[in-house]
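So the structure is just underneath, and the comments pick up after that.
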Amino acid sequence: MARPVAFVTGASSGIGLATATILASSGYDLALFDLNDEPLENLARTLRQQGGKVVPVYGDVASEVDMDRAITAIRSDFGRLDAVVANAGINGVWAPIDDLTPDEWDATIRVNLRGTYLTLNRTVASPTQPWFSGGRCPMETVTILIADDEASVLLVSARARIGHRHSAERRA
């Protein structure tokens, strides 16, 4: 029987690293995606020692080109996808909303929302993407529970990620 395949974004650190490690120890083959190539390659090397197939893909989660390259790698190396963990995100600048610059706001929104959108958009099952068989797992980390006036853009982007998840779940 084939091992299930999971795609984890933001895989080289924090929750993404922990999730990838747990999935590997639970028998999943993995496609790991992150902007940080050296830590990602180190994780892939470590997880391969557990016996599964691990394909690291380096790139910006908010880049259509990079995300399409990741999906091409998943199709080529695995031919299917059973689980998606849309975990990639950044804290951005911690400042009250009136102290944030538009560029600081945009940088966080780009990664946290556009990145989650592209991950789900490229993996959700549809007539053109029948190779995806499983569930989606966009991560809403505990950061959404922070009630801090200096975390305004993080809170907005985390709440919007929940909306992405609900939309993806309705398609399942």
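The values are calculated or read from the model by the stated rules, or taken from the named source; none is laboratory data. Only a predicted model underlies this, so the values are computations on that prediction, with no experimental measurement involved. Cβ coordinates were reconstructed from backbone atoms using ideal geometry, including for glycine residues, and neighbour counts include every protein chain displayed. These area figures cover heavy atoms from the full protein model, side chains too; ligands, DNA and RNA do not enter into them. Shrake-Rupley method; radii C 1.70, N 1.55, O 1.52, S 1.80 Å.
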Next on the checklist: Among the residues of the stretch 49-60, are any charged (D, E, K, R) and either in a helix (DSSP H, G or I) or within 26 Å of THR108 (Cα to Cα) (or both)?
Outcome noted: yes
Item to check | Any chance VAL8 is farther than 21 Å from VAL111 by Cβ, in a strand (DSSP E or B), open to solvent by less than 50 Å² (accessible area, probe 1.4 Å) and aliphatic (A, V, I, L, M) | outcome: no
Checklist outcome for this item: Across the stretch 38-61, the tally of residues that are open to solvent by 80 Å² or more (accessible area, probe 1.4 Å) and at pLDDT below 95 stands at 2
Checklist outcome for this item: Expected output for the stretch 57-83 (first residue in contact (Cβ under 8 Å) with a residue 60 or more places away in the chain, partner assigned to a loop (DSSP other than H, G, I, E, B) and among the basic types (Lys, Arg), Cβ below 8 Å, 6+ apart or cross-chain) is PHE78/LYS53
Item to check | Candidate set from the stretch 26-37 (those that are part of a loop (DSSP other than H, G, I, E, B) and open to solvent by less than 70 Å² (accessible area, probe 1.4 Å)); member that is nearest to ASP60 (Cα to Cα) | outcome: TYR28
